[in-house]
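Remarks on the structure that follows.
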Amino acid sequence: QEKPYGAENTVAVHIRHIREKIEINPAEPRYIKVIFGQGYKIEKRV
């Protein structure tokens, strides 16, 4: 079965948009972290 076009990066695009809204510097995220090979993790504020 074929995947829809662009389906492999849909989540990454949404995460990027969220980071642009909540992070001070989206290039160095503090709140939404990538757990390589597993997914994403939301860090609580310190």
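Quick notes
- Check on ARG30, in a loop (DSSP other than H, G, I, E, B), basic (Lys, Arg) and modelled with pLDDT of 90 or more: yes
- ILE32 being loosely packed, with under 10 Cβ neighbours inside 10 Å and under 11 Å from the mean Cα position of the chain (by Cα): no
- Boolean, LYS21 is exposed (fewer than 10 other Cβ atoms within 10 Å of the Cβ) and not hydroxyl-bearing (Ser, Thr, Tyr): yes
The values are calculated or read from the model by the stated rules, or taken from the named source; none is laboratory data. Predicted model, so just to flag it, every value in this text is computed and none were measured. Reconstructed Cβ throughout: ideal geometry from the backbone, glycine too, with neighbour counts over all protein chains shown.
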